[in-house]
1. Which condition breaks for residue 246 when tested against (1) in contact with a strand residue (DSSP E or B) (Cβ under 7 Å, 6 or more places away or on another chain); (2) in contact (Cβ under 8 Å) with a residue 24 or more places away in the chain; (3) under 30 Å from residue 62 (Cα atoms)?
2. For residue 368, which of the numbered conditions (1) in contact (Cβ under 8 Å) with a residue 12 or more places away in the chain; (2) surrounded by fewer than 13 Cβ atoms within 10 Å (Cβ to Cβ) fails to hold?
3. Just a yes or no: is a residue in region 244-265 under 24 Å from residue 312 (Cβ atoms), modelled with pLDDT under 85 and not in a strand (DSSP E or B)?
4. Answer yes if at least one residue in region 273-283 is assigned to a loop (DSSP other than H, G, I, E, B), over 19 Å from residue 228 (Cβ atoms) and at pLDDT below 90, and no otherwise.
5. Looking at residue 133, is it at pLDDT 80 or above and more than 19 Å from residue 253 (Cβ to Cβ)?
6. If you go through region 373-413 one residue at a time, how many are under 12 Å from residue 359 (Cα atoms) and surrounded by fewer than 13 Cβ atoms within 10 Å (Cβ to Cβ)?
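The values are calculated or read from the model by the stated rules, or taken from the named source; none is laboratory data. Worth saying up front: this structure is predicted, and the values here are computed from it rather than measured. A quick note on method: Cβ atoms are made from the backbone with ideal geometry, for glycine too, and the neighbour counts reach across all protein chains shown.
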């Protein structure tokens, strides 16, 4: 594949294999550009290279154009101190770093020093190579350290994840994408490996629809989720590691749960007794959240992750809100949540509090005991109508002692419902004692 020499930064040409290495080489020295291109093409013949003579400050003015690359190699001539520092020193590196979703940047330095190496790394460079020491072996080794070996056999799941990320324009620095777990328009959830943490994580990503991402209501919910989860450092809530955002994309790096979620285990035939044990663990997690003054507003099996056979962690706080927070991200009368697990007040678009989460727990309890949802219909409006008007169904005879607990959890009026998790746990303990 021919090297594409351009005078300005442009998005890389589309290629048939989405997992090919895509590199931007930005250097005023034409000989350096040619040398770097030759080294890369010899190691990775299928690579796509864009070469230009843009300076670092010029790259910082074109942040959006950088997102389509896997790596940026840029030359810095520290002998030309006046020109480099007149352009703002290394502030351009900080601007790219603070832009969020950017590829790693390797500085190839001419006439640098230990001081310039420290300064560039502190400003946001991923690596620093003195030009006088440059060799193919050194360059390729550094690239493999940053990105892994692009020649290594990528699985179909990995290729799928990379295709999805490329389509969205998302290239989260420091993460190797392993699988795309979910994708819908502007949102995607990836399984990834963090090079810094050396562990698998979940990346939740969001792209702007139009205009600045920070003005997007969906972004506000995204940022709110990070802020709420960051409040906790407890096994009952999924761990969160990082939040990055710029005008066009954002992502949250969160804990990955290899055991999966409660929905997956229910589909495999969890069993009522095991389900009750996990329901108790869910109540423990929910009590922690409520005591922090937070309403989850989307309790459902797929948001309950299993740590082990009797411990769970809550995820997906995108709809959550603090009880004391008067900034409401929803419009009056607007419905938010998952229809099968919505409380009557959610179904009608009214204000919610902790008691709404307890109603959702009642739906989940019925499903754990019977394998069926208590309210089912052919369409969403009909399901919501049942939440508001339909009577609570009866549990099978073996579980009849739990009927009073279920009935109170599923009361239509919040005032008639359980008021807190502790009350639910107390009555549940008594009912389970009758079963024994």
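1. Evaluating residue 246 over (1) in contact with a strand residue (DSSP E or B) (Cβ under 7 Å, 6 or more places away or on another chain); (2) in contact (Cβ under 8 Å) with a residue 24 or more places away in the chain; (3) under 30 Å from residue 62 (Cα atoms) leaves (1) as the failure.
2. Just one mismatch for residue 368, condition (2).
3. Of all residues in region 244-265, those under 24 Å from residue 312 (Cβ atoms) come to 252-265.
This time we only want the ones that are modelled with pLDDT under 85, so: none.
There is no residue in region 244-265 that is under 24 Å from residue 312 (Cβ atoms), modelled with pLDDT under 85 and not in a strand (DSSP E or B).
4. So the first thing to find is which residues in region 273-283 are assigned to a loop (DSSP other than H, G, I, E, B), and the list is none.
No, that holds for no residue.
5. Details: at pLDDT 80 or above: yes; more than 19 Å from residue 253 (Cβ to Cβ): yes.
The answer is yes for residue 133.
6. So the answer is 1.
Every residue, every condition in (1) under 28 Å from residue 176 (Cβ atoms); (2) modelled with pLDDT under 80; (3) over 36 Å from the mean Cα position of the chain (by Cα), yes or no:
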site	(1), (2), (3)
86	no, yes, yes
107	yes, no, no
110	no, no, yes
113	no, yes, yes
118	yes, no, no
124	yes, yes, no
138	yes, no, no
142	yes, no, no
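For every residue, the table says whether it meets (1) at pLDDT 90 or above; (2) more than 30 Å from residue 179 (Cβ to Cβ); (3) assigned to a loop (DSSP other than H, G, I, E, B).
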position	(1), (2), (3)
1	no, no, yes
8	no, yes, yes
19	no, no, yes
24	yes, no, no
39	yes, yes, no
69	no, no, yes
103	no, no, yes
